[in-house]
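Worksheet: one structure, shown below.
The values are calculated or read from the model by the stated rules, or taken from the named source; none is laboratory data. None of these values were measured; they are calculated from a predicted model. Here Cβ is always computed from backbone atoms with ideal geometry, including for glycine, and neighbour counts include all displayed protein chains. SASA here: full protein model, heavy atoms, side chains in, ligands and nucleic acids out. Shrake-Rupley method; radii C 1.70, N 1.55, O 1.52, S 1.80 Å.
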Amino acid sequence: MVKVRSGRLLIVEDEHTLRQLVSEFLRGEGYSVEEAADGGEGVSRFADRGPFDVVLLDLNLPCLPGEEVCRRIKQDRPDQSVVICSAAVLDCHLDVLRGLGVDQFLGKPYHPLDLLDRIASEMSRDRSRRRLDHAATAFHPSYQAWSAQSGTASSQRP
């Protein structure tokens, strides 16, 4: 049995051939894929067409570095799932990105099945977070007011 996947992805990758190959692979797996060739385009695509189920983000980008792209995306949508796909992830990157709530990193070169696993993991985590929020709201009608006041709403969580 073939597993059919679905979801909206944004790939921000400056290497044209890699971006094209990964996009075609993911489309073949059933995902809807938007592409951006640099950091500025990534921010624009997110603003115009987001949110996405997962953003796949390189760090070494022209125009705006990946860290800044992530910061702007998370400023607009704190609960946006982001997977960093980069050949060079330094300790200073890790500190900043983890502070933004990013904990999925995939080093280049990566195997396509590893990419699928990371995407599935992020999408599953997002579905679980939404179910918990829904359950908490149903359990206690004033949950949203309390969580907003206490700063624990999932939209504010990393």
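Structural remarks
- Residue in region 40-60 that is open to solvent by 50 Å² or more (accessible area, probe 1.4 Å) and in contact with a Pro (Cβ under 6 Å, 6 or more places away or on another chain) present: no
- Subset of region 12-39 [out of contact with any helix residue (DSSP H, G or I) (no Cβ under 6 Å at 6 or more places or on another chain), β-branched (Val, Ile, Thr) and open to solvent by less than 40 Å² (accessible area, probe 1.4 Å)]: 22
Okay, residues lined up against (1) in contact (Cβ under 8 Å) with a residue 60 or more places away in the chain; (2) part of a loop (DSSP other than H, G, I, E, B):
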| site | (1), (2) |
| --- | --- |
| 52 | no, yes |
| 55 | no, no |
| 61 | no, yes |
| 67 | no, no |
| 73 | no, no |
| 78 | yes, yes |
| 88 | no, yes |
| 93 | no, no |
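- Matching residues, region 23-41, being under 18 Å from residue 61 (Cα atoms) and either in contact with a Leu (Cβ under 7 Å, 6 or more places away or on another chain) or outside any helix (DSSP H, G or I) (or both): 34, 35, 36, 37, 38, 39, 40
- Every residue from region 75-125 that is acidic (Asp, Glu), within 25 Å of residue 17 (Cβ to Cβ) and under 12 Å from the mean Cα position of the chain (by Cα): 122
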